[in-house]
Amino acid sequence: MTNLQIQLSWDDPATGERREPRLSAPIAFGREFARLPTELKGQRVSRLLLNSNEVSRYHALIDWEQNQLVVIDQGSVNGVFVNGQRQTHSAIANGDTLQIGPYMIAVTFAVSAPAPVTSPPSTIHFNPNTNLPDPSLPAAAPITPLGSNFPPPAFQAENVAVQAIHATGLPVDECDYLTIGAGLGSFVWVDFLRISGVRSEKIVALGLEGEPYARYKRLCLNSQIPLHERLRSNSDSCPDNIWGWPSYALREAWHDFSKGQPSSALKYLWQVFAEPTFVDTYTPRAGNVFDSIDREAKRIGWNQIYRYGRVRAIRKTDDGRYCVAYSRGTRDYAFLITRYLHLATGYPAIQFLPDLQAYREKYQDFKSVVNAYEEHDHVYQQLEQQGGTVLIRGRGIVASRIVQRIYEARNKNRNITVLHLMRSPKPQGNKFQKAQRSVKNHYEFQPFNWPKACWGGELRAMLEKATPDERKSLLADWGGTTTADRHDWQQITEQGLSEGWYQITFGEVLGVEKDSQNRTITHIREKGLGEMKLAADFIIDATGLDAKVQASPLLEDMVKHYNLPLNHLGRLVVANNFELVEMRNGKGQMYAAGTITLGGPYAAVDSFLGLQYAALVSVDGLAAARAPRVHYLNTLSSFNQWLKWVFNQSPA
């Protein structure tokens, strides 16, 4: 049986990324391998490192015994589960599922052969000029000074001469503080700067849309969260209010109370007081969040700070600053030179399953197969009019909202069926120390995408002190694909399962094609049942967003030019105050925020509170460096600024 190879497939608990190594037995699983047992010495052992505190140093072994493949628990603390049952020594068959710590690993057998060529993760890139998801862009155009007229040849230097920039004859502006992205991350950083004493004319926010929440709003609407609907993700802080008081819940309660609705007002307050033990976690309505940001944007002078532009490249200058080359329109180029630079570029692309991307490229069908984050209202309109079958891929927070939206469509047309395809069962949730997430119908529940202590409690401090390897392990334990523990959505799921219009299927996708009736046919291999076909009118990919550096031509260019390190998730390496230390240039400092820093000192980087925390510590870093007009907030100055916020007065 030496020609038999074992393919192990799982989704990384921290990022959701697919891992599919093909190995030969024996295979050792563990968090680290200082040594292996004597009986394995001299053998060629495949070692699979699983970075989680739930995984023991040498946790389990897959090996042959009497021509039978077996998995053996090596005295681990948390045990080995085979198809949901804890085992110490068990035979494993083709299609079985192993659980080792938070890792759900599907086991399939294959005769030894050259490894198949697999497609890299596909993406739907945002149009570089409109900031809209564009399915016609299979790859982003590289941003490189080589072979192009802009940026100029001077940008090939490590430290660009400021004199050379002026010699181009193109417009050159200077500012003290520049943030790239002009989204929520930029907005929060600018808000902190303004409250800390910096005037609006000293700050520039460079991006593609004037509303700082424009892309976030669009992604919410596309993923079926209209303005009156409540946000699903962590939104227990206020991007418009660094003090967090009054909170969204208190504001909403006061609004309803003033309108003669005391019962709903008390409900919101009880929700905040009692969550998550007795009631669902409070989250604000999307429209209320955007309205509040509009108010704060006007108060801090965002219209004077924002500047339209697509950034092409970033370079250090020879006088201890940074130069940003950007385009303001067709053949309209300019430069900005700044001492303090902030990167908040957000998600550069939408993650898209390779087999679905292959289908769209083959059939040029952008209507039947869609991503949850691109505009796809036509799906629900057709379902409401004609009925049909929808196949959902992914089982996180976005998938839960898609199921709810289809449930709403069923109120208009009962002839709608949902097939939910998952790669493998989820018998139990991730565990860290004594805490373990609950699982129901193969969904892992958590109020937000990270445990609450990651925002400002014990887990945040633990992650800041951890080494890179320890961070990798901790994030694997705390992360994973979860959805909100909301009773309304759970009731929809239970109702759908009991009535039969919602079905959960497990299997590995072999390919997707179109039949003679223009329906999508998904070929899967299901454990114990062989190959099957799933027919559907629509397929919705709800697997998430992509934020790796390689998905952003701007960041990839900067990383390659300065040989910057990346962390284990392929994101930027930042210090605990979110500075890119390797990009320091004399007195010049560069900071980053948001999802491009995941894997570093903070877990919930793309949450409202995470963006505020990154802004707080980075502005504190500027104050420590004695950046112009940046002052620490003390009790008196903070209270004074809060009063200005209350009365909607300019910070300075």
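Excluding same-chain residues fewer than 8 positions from residue 259, which lysines have a Cα within less than 21 Å of its Cα?
Candidates past the 8-residue exclusion: 267.
Which of the lysines could a cross-linker span from residue 644 if the Cα-Cα distance has to be under 21 Å and same-chain partners fewer than 8 positions apart are dropped?
Output for residue 644: 202, 298.
As a test of the formula, what do you get for the chain when each DSSP H run with n ≥ 4 contributes -39,500 (n - 2.57) and the sum is divided by the residue count, at 222 nm and rounded to the nearest 500 deg cm²/dmol? Walk me through the intermediate numbers first.
On the way: 17 runs with 179 residues, N = 652.
-8000 deg cm²/dmol, from helical runs alone.
Kindly state, to the nearest 0.05, the FRET efficiency for residue 4 paired with residue 516, given R0 = 51 Å and r defined as their beta-carbon distance. Intermediate results must be reported in sequence, preceding the final value.
Values: r = 38 Å, r/R0 = 0.75.
Result of the calculation: an efficiency of 0.85.
Going Cα to Cα from residue 472, which lysines come in below 26 Å? Please leave out same-chain ones fewer than 8 positions away.
List returned: 426, 431, 434, 452, 548, 560.
With all distinct Cα pairs included, what does the Kirkwood hydrodynamic radius of the stretch 348-390 come out to in Å, to one decimal, could you say?
On the way: mean 1/r = 0.0868 Å⁻¹.
For the stretch 348-390, the Kirkwood estimate is 11.5 Å.
Please list the non-local residues whose amide H lies under 5 Å from the amide H of residue 539, H modeled 1.01 Å from N, same-chain partners needing a gap of 5 or more.
369, 370, 391
Compute the signed sum of charges (Lys and Arg +1, Asp and Glu -1) over the other residues within less than 13 Å, Cβ to Cβ, of residue 79.
On the way: positive: 86, 431; negative: 54, 73.
Overall, the nearby charge balance is 0.
Can you give the Rg to Rh ratio for the stretch 243-282, taking only C-alpha atoms and Rh from Kirkwood? List each step's numbers first, then the result.
On the way: Rg = 10.1 Å, Rh = 10.2 Å.
So for the stretch 243-282, dividing Rg by the Kirkwood Rh gives 1.00.
Please give the helix 286-300 orientation as an angle from the longest Cα principal axis of the chain, in degrees from 0 to 90, rounded to the nearest 10.
With both axes taken from Cα atoms, the answer is about 30 degrees.
Counting only residues 5 or more places away or on other chains, whose amide H sits under 5 Å from the amide H of residue 395 once H atoms are built in the peptide plane?
For residue 395, no residues qualify.
Cα-based Rg (one decimal) and Dmax (whole number) for the stretch 251-369, in Å?
Every Cα atom of the stretch 251-369 included, Rg and Dmax give 23.5, 64 Å.
Just so you know, all these numbers are worked out from the coordinates, no wet-lab data involved. The structure displayed is predicted, hence computed values, not measured ones. So basically every Cβ, Gly included, is an ideal-geometry build from the backbone, and we count neighbours across all protein chains shown.
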